[in-house]
Every structure is written in structure tokens, then in C-alpha cells.
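Readers should treat all values here as calculations from the given coordinates under stated rules, not as data from a laboratory. Values in this document were obtained by computation on a predicted structure and should not be read as measured data. Glycine gets a Cβ as well: all are built from the backbone with ideal geometry, and neighbour counts include every protein chain shown.
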Amino acid sequence: MELLNTLVDKGLRGETPTRDEALAVLATSDDDLLDVVAAAGRVRRHWFGRRVKLNYLVNLKSGLCPEDCSYCSQRLGSGAGILRYTWLKPEEAAEAAAAGVAGGAKRVCLVASGRGPTDRDLERVSDTIAAIRERNEGVEVCACLGLLSGGQAERLRAAGADAYNHNLNTSEAEYASICTTHDYADRVATVRQARGAGLSACSGLIAGMGESDEDLVDVVFALRELDPDSVPVNFLIPFEGTPLAGTWELTPRRALRILAMVRFVCPDVEVRLAGGREVHLRSLQPLALHLANSVFLGDYLTSEGQAGKADLDMIADAGFEVEGADTVTLPAHRSGTGGGNGGRPPGGVPARDAGEPAATATATADPTAPDTAARPAPAPAGGRAGGEARTDLVAVRRRGAGTGLPPNA
């Protein structure tokens, strides 16, 4: 396809495709799907080789959020049967983070529900970062605490945070349909504030909430303009007890097209496979590694993920390698532009450039993690372009942070 040749040429030069070209990727047929994956895979390998960066989530405070984001199991009025607890102690969070690092994670993402942090919350997070650094020298730390107010990003940077995550989630035109307690401009302002304070910006999207192809392209182009270092691509997990329960719009093939489109629009950026990948990509997850160069390891904030060892086996079986702590994630021309360490190892550790071959990292998953494979039989549900949704794969997290059970890492 001439379209794919054009997109590859632009991607290898780090250029942005046109909106029409991005829309055309989403409209490709199933007959062309492997060609689309192969083309986007060339762009991914050009900038990131066959390395896969592992990230690990720690939910510092779960549930009871005053915001009404329709997709979120922690939202105001949520009836989802998730874990609900107040702030973890720094030592508890550090222990949870250590499990992820032991499983191969290079970055720990500290998340807390709520509109945004108070001064006391920032003190808690600062103490948590210090506890994590004490146990895991060299690990990257990303904070995700909601909307930031004046000076808060600078305080997080001073406390040792490397990055800040705040997703745009969907297009500006669509945003009011999923949230009324804050607006799209608030989210854009927080990402800009994080970058301005020298933190590496992390901002992405959620697909499968009823948005159009135009909405998907709009939000990815908006992200390209904000220029974050990391773009997490989430796929809606339609929890019972939320307004989007029963919303099944994605098939594995559509999820791959979305990832390919993001890669073409953001060729030299860390594209991360995030929440919902197991539910919507299912057996095609290994193909997604040809598009994304980063994944979350194990469980998510309120839902179960694939077992950590299964993640590592999938990466190895597909011919990829876990990115080591001494390797710079981003290409050299981006490493100093995004704020924070831009994927550089913290603390001045010497690192290979992204263009250099990376040694195969060794990572051991927690052998005590429960096996998540045994679950009820799938329930039929509709899916875009045919196929059935695997509703049996939506499982609430019952282990790890906030519980007495070992984490899935």
C-alpha cells in the first residue's frame, strides 16, 4: 500500500503524518492488518530496537474519588466492587514497588485517586519517593496525582520524581461526554505544568468509550502537540457499576490499528501498552509489541492484569528483550527535551544510547503470584467489526497494594 510506504518514510524521519493518513490507518481492512503492523513495526524498531520497557503501578489511594469520569471504577458514585483504602504508608508503597522492580520494572508509577493533591498529599508522596529510592536505587519514579496547582510540579521534582502522568483520555470535543467535574483544558494545563517544572511528561488516551475515528485522531494529534515523552494507550475496561459498563466497542484487530496509528503519529515517543490490553488484544498481545515499546507489568490500579511471568514469557517468545536500567529509553534527540530524565537512568548512572544494542535483561517474576488463567467461561458480547468481547477477563484486583496478599509482578 502506498499509504504505508508514505507513513514509514515519515516515521523514520520523525515527521507527523496528515490527519487523513492517520484516519486511513484506522480504516484499513483485515486483509491489510498484518501489513499495517509490519509498517508501524519498522518505525518502532528504528527508534527503539526490540527493547520493551517495563513499568509497574502502585495504587497509593484507591477509590472514593470526587470526580465523575465515566470510565473510572474509582469515580464518584461508583458501584464497582473495587478495593477502597486511604493512603498507603511509605514503607508499604516501597514494598509494593520493590515487587515490580524485582519482576523487571524500570519505572514505578505512583497513583492516587482524587481531583488533585493537597500539600499534605505531596508530603506523603515525597516520603514515599524517598522510601522507594532507598530500596531501589536507580529506578524511575512517575507520579500520577490528578490536576496540579501552582508550584506542585516543582515540589514533586524536588522530591525526586522523574515524570508526571496525566492523560488527555479523549478528544476535546468528546471530553464533556465523559466528565463534568473538570474539563479538557484542565488536563492540558497539568501536562504543560509538569513539563515546565522539568518533569518528563506522560500523557495518553483511552480507546473504546464510544468515540469516533475522528476523536481518536484528534486526541493523538493533541498529544503530539503537547509532546510528552510517554504515551500510554489504554483500552476501556467497562466495569460493572460505572456509566460505561457494557460498552464493548473494541476487537483485537481494531486495538492493533489504534496502536499503529499512535505509533505513526508519535514515531519517536515511548508508546505504552496500558490498561485493558489483556481484555481487548487477548491472543494478539504479542503483535502489539511490534507497535508499542513499553508495557505495564502485572496488575493495574483496580483490575487484574496478566501474570507477571506471562508478560516476561510473551516478550521473550516474541523475540523482544526487557530494557535494562542502564539503557536510555528515548532516542538521543529526545533525551533532554521532555523534562525530567527523559527515560535516562536517575542519579547519573552511565547509560547506553537508545541506538546501541541492549543486552538482554534478566528478570524474575514473583513465583508466588496467583495464576490468573483459570476464570469463568466467556460471556458473549458485541464487538466492533465482529467477534466477541471477553467479559470474563474483567476482574477486580484483590492482591498487592492495599491487601495482605503478594502482588502480581
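Assorted remarks:
- Counting only residues that are closer than 24 Å to residue 400 by Cα, of a type in the set (Gly, Ala, Ser) and outside any loop (DSSP other than H, G, I, E, B), region 289-332 holds 4 of them.
- Hits in region 82-105 (condition: outside any loop (DSSP other than H, G, I, E, B), surrounded by fewer than 22 Cβ atoms within 10 Å (Cβ to Cβ) and without any contact (Cβ under 8 Å) to a residue 60 or more places away in the chain): 90, 91, 95, 98
- Number of the condition not met by residue 108 [criteria: (1) surrounded by fewer than 22 Cβ atoms within 10 Å (Cβ to Cβ); (2) in contact with a helix residue (DSSP H, G or I) (Cβ under 7 Å, 6 or more places away or on another chain)]: (1)
- Selection of region 192-207 for residues being surrounded by 24 or more Cβ atoms within 10 Å (Cβ to Cβ) and not in a helix (DSSP H, G or I) yields 199, 200, 201, 202, 203, 204, 205, 206, 207.
- A single entry from 27, 22 fulfils the requirement of being of a type outside the set (Lys, Arg) and over 22 Å from the mean Cα position of the chain (by Cα): 27.
- Residue count for region 240-288 satisfying the condition of being part of a loop (DSSP other than H, G, I, E, B) and among the β-branched types (Val, Ile, Thr): 4.
- Where a residue in region 154-175 is free of Cβ contacts under 8 Å to residues at least 24 places away in the same chain and its partner, wherever it lies, is surrounded by fewer than 18 Cβ atoms within 10 Å (Cβ to Cβ) and among the acidic types (Asp, Glu), with Cβ under 7 Å and at least six apart: 175/183
- Count of region 111-131 residues which are out of contact with any strand residue (DSSP E or B) (no Cβ under 6 Å at 6 or more places or on another chain), closer than 24 Å to residue 304 by Cβ and either surrounded by fewer than 24 Cβ atoms within 10 Å (Cβ to Cβ) or hydrophobic (A, V, I, L, M, F, W, C) (or both): 1
- Residues in region 12-29 that are surrounded by 13 or more Cβ atoms within 10 Å (Cβ to Cβ) and in a helix (DSSP H, G or I): 12, 19, 21, 22, 23, 24, 25, 26.
- Filtering region 53-72 for residues that are out of contact with any Lys or Arg (no Cβ under 9 Å at 6 or more places or on another chain), within 19 Å of residue 186 (Cβ to Cβ) and crowded, with 21+ Cβ neighbours inside 10 Å leaves a non-empty set.
- Residues of region 255-311 that turn out to be within 21 Å of residue 224 (Cβ to Cβ) and either of a type in the set (Ser, Thr, Tyr) or in contact (Cβ under 8 Å) with a residue 60 or more places away in the chain (or both), as a count: 21
- Residues satisfying the stated conditions in region 158-191, i.e. crowded, with 17+ Cβ neighbours inside 10 Å and assigned to a helix (DSSP H, G or I): 159, 174, 175, 184, 186, 187, 188, 190, 191
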